[in-house]
1. All but one of (1) over 23 Å from E19 (Cα atoms); (2) β-branched (V, I, T); (3) outside the structural domain of M12 (by TED's automatic domain parsing) hold for V108; which doesn't?
2. Within the range 36-67, work out how many residues are more than 19 Å from the chain's Cα centre (by Cα), part of a loop (DSSP other than H, G, I, E, B) and not small (G, A, S).
3. Output the residue which, of all residues in the range 1-35 that are surrounded by 10 or more Cβ atoms within 10 Å (Cβ to Cβ), hydrophobic (A, V, I, L, M, F, W, C) and within 10 Å of the chain's Cα centre (by Cα), is nearest to N91 (Cα to Cα).
4. For R99, only one of the following conditions fails: (1) surrounded by fewer than 12 Cβ atoms within 10 Å (Cβ to Cβ); (2) in the same structural domain as P138 (by TED's automatic domain parsing); (3) more than 18 Å from the chain's Cα centre (by Cα); (4) not in a helix (DSSP H, G or I). What is its number?
5. Scanning the range 66-92 for residues that are out of contact with any strand residue (DSSP E or B) (no Cβ under 6 Å at 6 or more places or on another chain) and hydrophobic (A, V, I, L, M, F, W, C), which turns out surrounded by the most Cβ atoms within 10 Å (Cβ to Cβ)?
6. Do the conditions hold for R48, that is, is it basic (K, R), closer than 29 Å to N4 by Cβ and either surrounded by 10 or more Cβ atoms within 10 Å (Cβ to Cβ) or in contact (Cβ under 8 Å) with a residue 60 or more places away in the chain (or both)?
7. Kindly indicate whether any position in the range 123-135 is modelled with pLDDT under 95, assigned to a loop (DSSP other than H, G, I, E, B) and either within 27 Å of the chain's Cα centre (by Cα) or closer than 23 Å to D8 by Cα (or both).
8. Can E84 be described as closer than 27 Å to F144 by Cα, over 19 Å from the mean Cα position of the chain (by Cα) and either among the hydroxyl-bearing types (S, T, Y) or assigned to a loop (DSSP other than H, G, I, E, B) (or both)?
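The values are calculated or read from the model by the stated rules, or taken from the named source; none is laboratory data. All figures in this text were calculated on a predicted structure; none of them were measured in a lab. Note: ideal-geometry Cβ built from the backbone for every residue, glycine included; neighbour counts use all protein chains shown.
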Amino acid sequence: MNINLLKDLCEMPGVPGREERVRALIEGEIKGLFDSVETDAMGNLICRLKPRTNKGTIRKGDAKTLMLLCHMDEIGFYVSSIDENGFLWVNPAGGFDPRNLFSRRVLVCAESGDFKAVMNPGGRPVHISSPEDRKKVPEVKEFFV
């Protein structure tokens, strides 16, 4: 197992519709392994390997077809707006449990570069919240970066 490759794949940002970096990493790793590699209009990476005999020549006719399928994307967020204080308000891309988002470290990917940040819910701080408010779990749309 290639632990470094697994680490690189896990750390590569790729929310739905923005999988370019993941695709480029995979393409670099599989170079020379397939007869053809192409990207379709939806961004899918399609790799084809023709069936071969034990001697390595291409088989014709009775070869069976096999398809391996996996995701390149990950759950994440899209920036919906930037407020007057510079905070980013986000919309989810995928399902989240808001209880796991408090003080979550995030990577904001922009045309000008990647920026490390922290996500938290808006609203009153715990020390001035009412007992009822402390029991409420904020909705995902209430979090900002």
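1. V108 satisfies all of (1) over 23 Å from E19 (Cα atoms); (2) β-branched (V, I, T); (3) outside the structural domain of M12 (by TED's automatic domain parsing) except (1).
2. 14
3. Selected residue: V15.
4. (4)
5. M72
6. Spelling it out, it is not the case that R48 is basic (K, R), closer than 29 Å to N4 by Cβ and either surrounded by 10 or more Cβ atoms within 10 Å (Cβ to Cβ) or in contact (Cβ under 8 Å) with a residue 60 or more places away in the chain (or both).
7. no
8. Yes.
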